[in-house]
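Asks: Below is one structure. I have some questions about it.
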Amino acid sequence: MIYFLMTVCFFSTAVSAMAFVSFGTSSFPRPQCTVADSSLYQLMPFPMGASVGISRMKNNARYTEVVRKEFNSITAENAMKFRALHPAENTYQWADADFLVDFAQKNGKRLHGHTLNWYQYLPAWVNNFSGDSIAWENMLKDHIQTVVTHFKGKVTSWDVVNEYFNDDGTIRPSVWVKNLGPDYIARCFQYAHEADPAALLFYNDYGHEYSSAKRTAIGKLINSFKERKIPIHGIGMQFHMTYTLTDANISAAIDFAAATGLKVHISELDVRVNNNKVQGLTFTDAMAAQQADRYRQVVKTYNAIPKSQQFGITTWNVGDADSWVPSWQGAPDYPLPFDANYLRKPAYKAIIEGGK
Ligand code: G3I
């Protein structure tokens, strides 16, 4: 039945007046799929997620409906970061993150927490904190345990520490390393585990697909955690990639992560196409096809790792207009499986193909 619906969805030329989402590039046959026709997560062999912005969830009904319909795992793009949750030393603000908890619970979605510890997106009071190492330790522990306790039983899993390493495999300088020493990372995992022993704990980073030095450093960290019985359950690979990334690079990252034996989360997937940062770039059919091919290859490679390790794949937001990439690179881009109107791009179909 599912196959039949997909066939209708992809190849029928019938256009439903009730159509809500459809494929969005001109070279593709453009049959429209009603919401009832298919849903990404229902067709995939592992969880499919998206990160989401809270203001869009509150103010854009179409965005919210696509999230509800297409994904079964959700990550807050920003709402669970330190600056968002803990803006002043004695103030926690939960409203936005709790809004997402409520959405996830009402709609049966898994909620992945991002992120307990990062060198970025800290409030000014942390950057200016002047305590000694004991005060820093207490502040780190208080933040992690207050947050994990607040979401206990509601958030399945956490990116405990994000981006601890530089691309060359050295430890990235940060206020945390400076004030607490490099092994503070292990204590982050221990504090999180104490607060919610059931939560799955991930180390999250980018660059596995292009830096063997970074992969090696992450592998050593995981081995050291295993030897020391530091609780860690998963490895998050962001996969902010370009549409020219090779099959070999994709395999190197995914095979490395699988070899750790931990759960593997492709945690922030997007595939950008504007390598030369061209202003006013138009998204051509050729770009759409090449981007779709890269999405297919990522999913296909991921689908080959042991099922028990497949935590899922999460895209970093939903539609092209929601992506962080254009403002980061200072030029337009079209990196997600939905276009700016939440029409399904060829990448959407390619994801499903990769999961077969
Ligand atoms: O909320 C303020 C708003 O009040 C203000 O008016 C506006 C003016 O610029 O800024 C808003 O904050 C922005 C925030 O996103 C929410 O939109 C910040 O400036 C901006 O720096 C922040 O960027 C986020 C970035 O992380 C830093 O937290 C991106 O949306 C988000 O996509 C990005 O996500 C990271 C992952 O957490 C880790 N991996 C890399 C990934 C991409 O950088």
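The values are calculated or read from the model by the stated rules, or taken from the named source; none is laboratory data. Quantities reported herein were computed from a predicted structural model and do not represent experimental measurements. Here the Cβ positions follow ideal geometry from the backbone for every residue, glycine too, while neighbour counts run over all protein chains shown. Heads up: the accessible areas ignore ligands, DNA and RNA and are worked out on the full protein's heavy atoms, side chains in. Shrake-Rupley method; radii C 1.70, N 1.55, O 1.52, S 1.80 Å.
Asks: How large is the helix-only mean residue ellipticity at 222 nm for the chain, computed as the sum of -39500 (n - 2.57) over DSSP H runs with n ≥ 4, divided by its residue count, in deg cm²/dmol to the nearest 500?
Replies: -12500 deg cm²/dmol, from helical runs alone.
Asks: Continuing with this model, one more query. Convex hull over the Cα atoms of the stretch 132-193, averaged projected area in nm²?
Replies: For the stretch 132-193, averaging the hull's shadow over all directions gives 4.4 nm².
Asks: Could you give the size of the charge dipole of the stretch 39-354 about its Cα centre, using +1 on the Cβ of each K and R and -1 on the Cβ of each D and E, expressed in debye and rounded to the nearest 20?
Replies: Result for the stretch 39-354 is approximately 580 debye, rounded to the nearest 20.
Asks: Projecting each Cα onto the charge dipole of the stretch 209-356 (Lys/Arg +1, Asp/Glu -1 at the beta carbon, about the Cα centre), which of Thr260, Trp328, Ile313 comes out farthest on the positive side?
Replies: Final value for the positive-end residue is Thr260.
Asks: Follow-up. So what's the convex hull volume per residue for the Cα atoms of the stretch 78-237, in Å³?
Replies: 107 Å³
Asks: With axes computed from alpha carbons, what is the tilt in degrees of helix 95-107 against the longest principal axis of the chain, rounded to the nearest 10 within 0 to 90?
Replies: Tilt of helix 95-107: around 50 degrees.
Asks: Restricting to Cα pairs below 8 Å that are 6+ residues apart, what does the relative contact order work out to for the chain? Please round to a whole percent.
Replies: Relative contact order, the chain: 17 percent.
Asks: Quick check: from the Cα gyration tensor, does the stretch 158-213 come out rounded (a/c under 1.5), prolate or oblate?
Replies: Taking the square roots of the gyration eigenvalues as a ≥ b ≥ c, the stretch 158-213 is oblate.
Asks: Less than 13 Å apart at the alpha-carbon level, and either on another chain or at least 8 residues along: which aspartates and glutamates does that give for Lys152?
Replies: Within reach: Asp98, Glu194, Asp196.
Asks: Additional query: With a 1.4 Å probe and all protein chains kept in place, how much accessible area does Leu262 have, in Å² rounded to the nearest 10?
Replies: Accessible surface of Leu262 is approximately 20 Å².
Asks: A further question on this structure: Considering only Val101, Asn303, Leu200, whose Cα is most displaced toward the positive end of the charge dipole of the chain, charges sitting on Cβ of Lys, Arg (+1) and Asp, Glu (-1)?
Replies: Asn303
Asks: At a Cα cut-off below 19 Å, give the aspartates and glutamates reachable from Lys214, other chains included and same-chain residues fewer than 8 away excluded.
Replies: Partners within reach: Asp159, Glu163, Asp167, Asp168, Asp183, Asp205, Asp247, Asp255, Glu268.
Asks: Show me 240-250, 123-133, 89-99, 157-167 ranked by packing, highest mean number of other Cβ atoms within 10 Å first.
Replies: For the peptides 240-250, 123-133, 89-99, 157-167, the packing ranking is 157-167, 240-250, 89-99, 123-133.
Asks: Per 10 Å bin, what percent of the C-alpha pairs of the stretch 263-356 does each bin hold, from zero upward?
Replies: 17, 48, 27, 7, 0
Asks: My understanding is that a pair violates if its Cα-Cα distance is over 19 Å; which of Lys58/Lys106; Lys300/Lys349; Lys154/Lys300; Lys81/Lys154; Lys69/Lys345 do that in this structure?
Replies: Lys154/Lys300
Asks: Moving to a separate point now. Does anyone have the angle between helix 247-259 and the longest principal axis of the chain? Alpha-carbon axes, 0 to 90°, nearest 10?
Replies: That works out to roughly 50 degrees.
Asks: Now a separate question. Applying a 10 Å radius around every beta-carbon, put 287-300, 57-70 in order of their mean neighbour count, most first.
Replies: The densest-packed peptide leads the list: 287-300, 57-70.
Asks: Leaving out ligands and nucleic acids, note down the accessible area per residue over the stretch 39-354 with a 1.4 angstrom probe, in whole Å².
Replies: About 37 Å² of surface per residue is accessible.
Asks: List the residues whose amide H sits under 5 Å from the amide H of Gly169, counting only those 5 or more places along or on another chain, with H placed 1.01 Å from N in the peptide plane.
Replies: It is Lys214, by chain and number.
Asks: In whole Å, what three semi-axes, largest first, describe the equivalent ellipsoid of the stretch 39-354 built from its Cα gyration tensor (square root of 5 times each eigenvalue)?
Replies: 30, 22, 19
Asks: Hey, got the dipole for the stretch 205-321? About the Cα centre, +1 on K and R Cβ, -1 on D and E Cβ, debye to the nearest 20?
Replies: That gives the stretch 205-321 a dipole magnitude of about 500 debye.
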